[in-house]
């Protein structure tokens with residue numbers, strides 16, 4: 001089973017962010033800790049202390065947890081779950097919060113073996129427009145500190161298509177990122193989330209997004225550059241050195257069961273899906289009732305199957321045509337013959353004997369392709 005823990009605290013809200021987060025105070029931290037411990041105990045009993053193969057601490061800013069709080073989190077996980085000896089244990093961190101070498105060594109000592117660093121850009125002007133609380137120099141310093149603490153598996157998150165970003169500045173960010181030597185790089189296209197300050201800036205003409213053609217080149221040229229430097233693309237937004245793809249995320253794409261603990265966390269276990277309340281105060285109210293998952297959605301085979309198809313098309317492995325036939329009740333090559341043929345002719349897709357995969361050009365426009373193949 002995969003385990004996700006949502007740590008909802010941030011120093012401040014970035015201008016593009018719509019994730020569930022709030023300020024960390026003594027009261028909110030205490031409330032979160034108590035509710036998290038109760039929720040972990042609840043599911044440890046309910047699921048008969050399941051074996052956990054990956055842990056992912058996300059946020060928020062997971063690296064903001066004080067040392068003693070982190071120790072309690074690790075103790076709670078060990079008490080209520082069986083931790084696999086070959087576990088992948090990831091913590092998300094922001095460069096400005098990776099300043100305490102002792103804390104980083106504590107993560108490593110407690111079993112964390114992978115850090116995902118939210119760099120987003122290595123151009124200070126772009127970081128400022130995003131409202132990020134760090135600069136490019138702090139990102140490099142954080143990488144060095146994590147290496148000194150013994151981390152051999154680092155991932156950097158980057159965003160392309162930012163307001164004011166050019167193809168040249170994006171490629172500069174990628175070159176600088178690769179020079180830092182991470183084992184994994186995620187490059188996400190900017191999504192303007194409704195209600196965020198950055199979305200308002202663009203809507204009111206304060207900031208302008210790159211032209212569509214230039215943004216497309218950021219993705220295509222960026223992917224080509226990363227592969228030329230030894231990072232294999234294994235999913236639309238993810239590149240890794242050989243053998244170092246994120247196992248936790250791969251588990252999502254493969255349809256594995258996952259348990260989410262913490263406010264706003266989502267779980268999908270044994271064909272049922274549920275989501276926790278987003279606010280710490282509302283989440284904490286569940287601690288006394290043990291009512292988690294009470295309004296779970298039962299996933300039908302059809303819904304679950306279509307999700308599997310959609311996620312498979314996002315990966316470099318592609319879509320198994322036998323799986324498509326089982327889920328959809330028809331052969332994809334017959335049902336969508338003209339469309340698939342056009343995709344292949346235009347270099348957007350590639351068909352082998354039993355697999356259909358999107359090329360990088362196809363991944364750039366994947367939403368429309370997936371919608372046609374899976375939901376039409």
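The values are calculated or read from the model by the stated rules, or taken from the named source; none is laboratory data. What you see is a predicted model, and the numbers here were worked out from it, not measured in a lab. When we count neighbours, we look across all protein chains shown, and the Cβ atoms used for this are built from the backbone with ideal geometry, even at glycine.
Only helices (runs of 4 or more DSSP H) whose full extent lies in the stretch 291-352 are considered here, and the ones with at least 2 residues that are more than 30 Å from residue 46 (Cα to Cα) and touching a residue at least 24 places away in the same chain (Cβ under 8 Å) are 301-313, 321-328, 337-345. Annotation: of all residues in the stretch 159-190 being surrounded by fewer than 16 Cβ atoms within 10 Å (Cβ to Cβ) and touching a strand residue (DSSP E or B) at 6+ places or on another chain (Cβ under 9 Å), the one that is farthest from residue 88 (Cα to Cα) is 189. Among the numbered conditions (1) crowded, with 18+ Cβ neighbours inside 10 Å; (2) under 29 Å from residue 348 (Cα atoms); (3) at pLDDT below 95, the only one that residue 193 does not meet is (1).
Among the residues of the stretch 144-158, write down those that are touching a helix residue (DSSP H, G or I) at 6+ places or on another chain (Cβ under 8 Å) and either within 26 Å of residue 366 (Cα to Cα) or surrounded by 15 or more Cβ atoms within 10 Å (Cβ to Cβ) (or both).
Correct list: 145, 146, 149, 151, 154, 156, 158.
Yes/no matrix, rows are residues, columns are (1) at positive phi; (2) assigned to a helix (DSSP H, G or I); (3) surrounded by fewer than 23 Cβ atoms within 10 Å (Cβ to Cβ); (4) modelled with pLDDT under 95:
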| position | (1), (2), (3), (4) |
| --- | --- |
| 104 | no, yes, no, no |
| 108 | no, yes, yes, no |
| 115 | no, no, no, no |
| 132 | no, no, no, yes |
| 138 | no, yes, yes, no |
| 142 | no, yes, no, no |
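Has the stretch 171-190 got any residue that is farther than 21 Å from residue 117 by Cβ and assigned to a helix (DSSP H, G or I)? No: zero hits.
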